[in-house]
1. Can you list the residues of segment 242-257 with backbone N under 16 Å from a point 7 Å past the Cα of residue 19, pointing along Cα to Cβ?
2. Once the mean 1/r over all distinct Cα pairs of segment 326-394 is inverted, what Kirkwood radius in angstroms do you read off?
3. Over segment 46-365, what is the relative contact order in percent, taking alpha-carbon pairs closer than 8 angstrom and at least six residues apart?
4. Work out the FRET efficiency for residue 185 and residue 43 from their Cβ-Cβ distance, taking R0 = 30 Å, and round it to the nearest 0.05.
5. Please give the residues of segment 299-327, grouped as numeric ranges, whose backbone N is less than 16 Å from a label point set 7 Å along the Cα-to-Cβ vector of residue 83.
6. Roughly how many nanometres apart are two label points built 7 Å out from the Cα toward the Cβ at residue 117 and residue 258?
7. Among the complete DSSP H segments of the chain, which ones combine at least 20 Å of alpha-carbon extent along their axis with a mean Kyte-Doolittle hydropathy of -1.0 or more?
8. Using 0.36 nm per residue of separation minus the Cα-Cα distance, give me the extension gain between residue 286 and residue 131 in nm, one decimal.
Amino acid sequence: MNAHAQPAALRAPFWTPGVLVMLAFIAAAFFFIVARYTGGLGAVTNLSDAYPWGLWIGIDVATGVALAAGGFTSAALAHIFGRHAYESVTRPALLTAVLGYTFVSLALVVDIGRSWTIWHPIVYHQGNSVLFEVAMCVVIYLHVLYIEFIPIVAEQYKGRVNLPGPLAVLNRPVDALLGFADRILDKVMWVFIIAGVVLSFMHQSGLGSLLLIAPTKVHPLWYTPILPLLFLMSAMAVGFPMIILENGLASASFELQDEIGVLAGLSRFTIFLLGAYLAVKLGDLFARGAHVHLWEGTTQSNAFLVEMVFGVVIPWCLLLSSRVRSSRRGLFIASALIVGGVALNRVNVFLVSFQPPYAETSYFPSVGEIVITAGFIAALMLVYRILVTFLPILSPKSREVASS
């Protein structure tokens, strides 16, 4: 790890106006979640038999999984390919992945009709189902992420466990458990890192396979036999930009070490990954003859053009400039465009492109769906702020380092 970038818990005020805004979104979402469980999905959503997957799948699940890809891309770069100069960004990327997949799981609990059966795939296997493969990979990968996160907790609290009140009786057992886990995981962590990368490849591509069974319902601009490959490539391309975007947002709230050198290095990898995605995407589009739909002027064609131009072409051209790569603002703008482009791609695939031929009505997210999604995002941001405040994840300036 860079000697000038030492992770530490932060000394920063917690109760800020931003935190209060996040709590307001969470409270509003809680109201609609209660309505969802008392009145059913129909009480708060516009979902139907024709449109069973709406905003919650497009944003909370598909987009959430894609934007958490920084966890496996940074782990592969720093620990598998030995680029140790990038270790300073692995912890915040890991935290983003942990929170992203945790909230994806919670969103699924709200989304599926019978939430109490969410454990069924673990027991009732269906090897021919892509959804089963995605479910099992996400479940296993989430556990892998929690295991990878244990050393961060142990680093902060090993030898300093001080539980309040009656819980104080657990101080010694918890401390012993942290010490044991830290010693064991130090020897076998490479197994979990490799497993995390493999599992990510499987379920990132698996999400793209979900719509392969609906060729008559998905618009030709997005429907392709290589949709799993495109989902995987776009997730890999957005991994490093998500890290850069996260660093920029965190730097706006906390006084962090300037890691522009590390971020600029990540952007150079992004040029290759995003360029490869662009080449395969356009090559597939013309090979299938689907490019004839580009200029139809429909909602679908316009959405596709916005996704590609603003989410892929423009940021890729920006990153080709050394001036942009050496500028924090330039990197932030380019990364934000890429993140937005991948998010729009997932929304386009699962919502905009999905047009059942016999649907009697069209789908647009209800207020309840939008508020619950905003509440989940706010909750993710709030937990992120709590964890970076008390755990050594970010690299603050020396005067911001919390005393041990």
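1. Taking a point 7 Å out along Cα→Cβ of residue 19, the residues of segment 242-257 whose backbone N falls under 16 Å are 253-255.
2. In segment 326-394 this quantity evaluates to 15.6 Å.
3. 25 percent
4. It comes to 0.10.
5. In segment 299-327, the label zone of residue 83 (backbone N under 16 Å from the point 7 Å along Cα→Cβ) covers 319-320, 325-326.
6. 5.8 nm
7. 17-39, 90-111, 130-157, 171-209, 227-253, 260-287, 328-347, 367-390
8. Net length gain for the segment: 52.9 nm.
Computed from the coordinates by the stated procedures, all read-outs in this text should not be read as laboratory data. What you are looking at is a predicted structure, and each value in this text was computed from that prediction instead of being measured. Note that each Cβ is placed from the backbone with ideal geometry, even for glycine, and that neighbours are counted across all protein chains shown.
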